[in-house]
Amino acid sequence: SMLKCKNLLSSIYNYAIVNDIVDVNLISAFSKDPVLKKPKAEDVEKQLSIPDEYLGEVFSRIGQSEMNIVTKYVLFILQYTGLRVDSLLTRKWSHYDKTRKRIFFEKEALKNPRATYCPTSSHIDTMLDTLMKLQKAINPNWSKECFIFSKDGSKRILKDAPNNALKKLLLKHKLPHAVPHGFRTTCEDEWIDNEFIDSAINIQMNHTSTTGNSVRDRYISKDKDHFAKRTEMVT
C-alpha cells in the first residue's frame with residue numbers, strides 16, 4: 001500500500017510538472033529511502049504454493065469437496081492459467097469468446113497495464129459452459145453483462161472466497177498450507193520445466209517485462225502475444 005501510494009503521488013507530480021504547476025517531482029527523492037524504495041525481487045517473499053508432490057491430492061480433494069461449484073472452478077482455472085485472483089473474478093460473460101477460446105482482460109483489470117487475451121483449454125470451456133447453464137437456470141434476467149464467477153451472475157463471489165475455501169480444505173485434510181496466488185509459482189515452474197519461451201511465460205503471467213530484458217522490451221512488437229504457445233501452456 002505504501003509503494004502504491006508513492007507511485008500515485010509520483011504520477012500526480014509528473015502531471016504537475018508537465019503542466020508547469022511545480023518544477024520538480026519531490027517523490028523521486030524517496031527512491032533511495034530504505035523504507036520506501038522498491039524492493040528487489042530476491043527480497044520479496046513468494047506466496048505459498050502447493051508442493052508438487054501434493055498437487056494431485058489437493059486438486060482431487062477440491063473436486064470431491066462440498067465447496068460451491070463457482071469457487072471450485074475458480075481454483076481450477078487459476079491453476080491452469082496462472083492468473084491473479086482479482087483479475088479473474090472481474091470477468092463477465094462479454095469478455096469470454098468461446099469460439100476463439102479466449103478471455104479478454106482490459107488493461108484496467110491487470111496489475112501491469114497491458115490489455116491481453118488469456119487462452120482457454122477444453123477443460124476451462126467445459127467449466128464455463130456449466131457455470132453459464134447454472135446461472136441461466138436460476139436468473140431469468142441473465143445477460144452477457146453478468147459476472148462469470150457468480151452463483152446467478154448478478155454479483156461476483158468475494159475476493160477472499162477462493163483463499164478461505166482452500167485454507168479450510170487444507171486444514172481439514174492436514175495438507176501443507178498454500179494460497180491461490182501461489183498457484184502462479186506452480187504454473188511458472190511447470191512452464192519453465194517444459195521449456196516454453198520466456199516471453200510467452202511473462203505475457204501469460206502478466207509480468208512487467210515481456211522478455212525479461214528492458215532493452216529488448218523497447219523493440220518487441222506489441223502484437224506479439226505468443227497466443228498459440230500460451231494455449232499449449234494452459235492446456
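Taking segment 25-55 on its own, how many of its residues are modelled with pLDDT of 85 or more and either small (G, A, S) or exposed (fewer than 13 other Cβ atoms within 10 Å of the Cβ) (or both)?
Qualifying residue count for the region: 5.
Looking at segment 111-141, which of the residues that are in contact with a helix residue (DSSP H, G or I) (Cβ under 9 Å, 6 or more places away or on another chain) and open to solvent by 60 Å² or more (accessible area, probe 1.4 Å) is modelled with the lowest pLDDT?
Step one: of segment 111-141, the residues in contact with a helix residue (DSSP H, G or I) (Cβ under 9 Å, 6 or more places away or on another chain) are 111, 113-121, 123-124, 127-128, 130-132, 134-135.
Among the residues that remain, those that are also open to solvent by 60 Å² or more (accessible area, probe 1.4 Å) are: 111, 113-114, 117, 123, 134.
Working: K111: 78, P113: 70, R114: 81, Y117: 94, H123: 95, L134: 97.
Checked segment 111-141; the qualifying residue modelled with the lowest pLDDT is P113.
Is one or more of the residues making up segment 44-62 among the charged types (D, E, K, R), more than 18 Å from F149 (Cα to Cα), more than 18 Å from the chain's Cα centre (by Cα) and not in a helix (DSSP H, G or I)?
Step one: filter segment 44-62 for residues among the charged types (D, E, K, R), giving 45-46, 52-53, 57, 61.
From what is left, the residues that are more than 18 Å from F149 (Cα to Cα) are 45-46, 52-53, 57, 61.
Okay, now just the ones that are also more than 18 Å from the chain's Cα centre (by Cα), so 52-53, 57, 61.
Those still in the list that are not in a helix (DSSP H, G or I) too: none.
No, because not a single residue in segment 44-62 is among the charged types (D, E, K, R), more than 18 Å from F149 (Cα to Cα), more than 18 Å from the chain's Cα centre (by Cα) and not in a helix (DSSP H, G or I).
E108 versus (1) within 30 Å of W142 (Cβ to Cβ); (2) modelled with pLDDT under 95; (3) over 21 Å from the mean Cα position of the chain (by Cα): which is the lone unmet condition?
Exception for E108: condition (3).
Can we say D189 is loosely packed, with under 13 Cβ neighbours inside 10 Å and under 18 Å from the mean Cα position of the chain (by Cα)? Can you show your working first?
Working: loosely packed, with under 13 Cβ neighbours inside 10 Å: yes; under 18 Å from the mean Cα position of the chain (by Cα): yes.
Yes.
Could you tell me which residue of segment 1-38 is farthest from K111 (Cα to Cα), considering only residues that are in contact (Cβ under 8 Å) with a residue 24 or more places away in the chain, outside any helix (DSSP H, G or I) and within 26 Å of the chain's Cα centre (by Cα)?
Filtering segment 1-38 for residues in contact (Cβ under 8 Å) with a residue 24 or more places away in the chain gives 2-3, 6, 30, 35-36, 38.
From what's left, outside any helix (DSSP H, G or I): 35-36, 38.
Filter once more, so that each one left must be within 26 Å of the chain's Cα centre (by Cα): 36, 38.
Details: L36: 20, K38: 16 Å.
If we take residues in segment 1-38 being in contact (Cβ under 8 Å) with a residue 24 or more places away in the chain, outside any helix (DSSP H, G or I) and within 26 Å of the chain's Cα centre (by Cα), then L36 is farthest from K111 (Cα to Cα).
Quick check on F149: is it modelled with pLDDT of 95 or more, surrounded by 12 or more Cβ atoms within 10 Å (Cβ to Cβ) and closer than 21 Å to H226 by Cα? Steps first, please.
Numbers: modelled with pLDDT of 95 or more: yes; surrounded by 12 or more Cβ atoms within 10 Å (Cβ to Cβ): yes; closer than 21 Å to H226 by Cα: no.
In short, no.
Go through the residues of segment 207-223 one by one and say whether even a single one is at pLDDT 95 or above and either under 21 Å from I69 (Cα atoms) or open to solvent by less than 20 Å² (accessible area, probe 1.4 Å) (or both). Explain how you work it out, then say what you get.
Step one: of segment 207-223, the residues at pLDDT 95 or above are none.
No, segment 207-223 has no match at all.
When the residues of segment 48-64 are narrowed to those that are without any contact (Cβ under 8 Å) to a residue 60 or more places away in the chain and not acidic (D, E), which ends up farthest from A165 (Cα to Cα)?
As a first pass, look at segment 48-64 and keep what is without any contact (Cβ under 8 Å) to a residue 60 or more places away in the chain: 53, 56, 59-60, 63-64.
From the residues that got through so far, the ones that are not acidic (D, E) too are 56, 59-60, 63-64.
Values: G56: 17, F59: 13, S60: 14, G63: 12, Q64: 13 Å.
The selected residue is G56.
Looking at segment 56-70 only, could you name the residues that are touching a helix residue (DSSP H, G or I) at 6+ places or on another chain (Cβ under 7 Å) and open to solvent by 70 Å² or more (accessible area, probe 1.4 Å)?
If the condition is that a residue be touching a helix residue (DSSP H, G or I) at 6+ places or on another chain (Cβ under 7 Å) and open to solvent by 70 Å² or more (accessible area, probe 1.4 Å), then R61 is the only one that fits.
The values are calculated or read from the model by the stated rules, or taken from the named source; none is laboratory data. Since we're looking at a predicted model, the values are computed, not measured. Cβ atoms come from the backbone with ideal geometry, glycine included; neighbour counts cover every protein chain shown. The protein model used for the area step is the full one, side chains on, heavy atoms only, and it has no ligands, DNA or RNA in it. Shrake-Rupley method; radii C 1.70, N 1.55, O 1.52, S 1.80 Å.
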